[in-house]
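Worksheet for the structure shown next.
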Amino acid sequence: MKTLKKLLPIIALALIALMATACNKSDSSANSGANSSPAKNSNSSSGTSSTVSKRFVGTWVEEDQKSDQGTKFTEDGKIIELSSNKQVGTYTTSGDDKATITIAEGGTATGTLESDTRMKMVSGGETAYLTKK
């Protein structure tokens with residue numbers, strides 16, 4: 001249970017990144033600890049070779065956690081924890097509002113955008129809500 005509580009904020013941040021990716025309507029695949037390549041999979045209808053949806057890109061924080069510095073979801077599918085400036089995972093999107101998050105320490109989560117500024121992240125039966133900064 002302690003491990004899950006430690007992973008939940010990381011997963012929440014990763015889900016935020018996933019949601020930003022889904023907005024571009026481009027599919028991608030990225031592995032934890034590996035660099036993503038925009039050329040891996042691009043959607044010709046999007047007009048971009050980005051691996052993530054723009055809706056997920058940005059800084060996300062866990063709701064009601066005032067001390068949370070946030071996690072940055074990058075355009076190349078990486079999830080960076082701002083407090084340490086370290087990559088803590090990767091994300092890929094499927095559709096406009098869903099993402100799969102792979103946590104560097106192991107494990108996966110699912111992120112679903114509820115709006116442009118709110119994401120629901122689910123991992124191992126635990127749910128967290130993230131808001132975009």
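Site pair Lys86 and Ser115 shows an inter-label distance of 3.4 nm when each label is modelled 7 Å from Cα along Cα→Cβ.
What the Cβ-Cβ distance of Asp64 and Glu126 gives, at R0 = 25 Å and to the nearest 0.05, is a FRET efficiency of 0.95.
Taken together, the values in this text are just the output of simple stated rules run on the coordinates, not laboratory data. Everything numeric in this text was worked out from a predicted model, so none of it was measured. With ideal geometry, Cβ positions are generated from the backbone for all residues, glycine too; neighbour counts draw on all protein chains shown.
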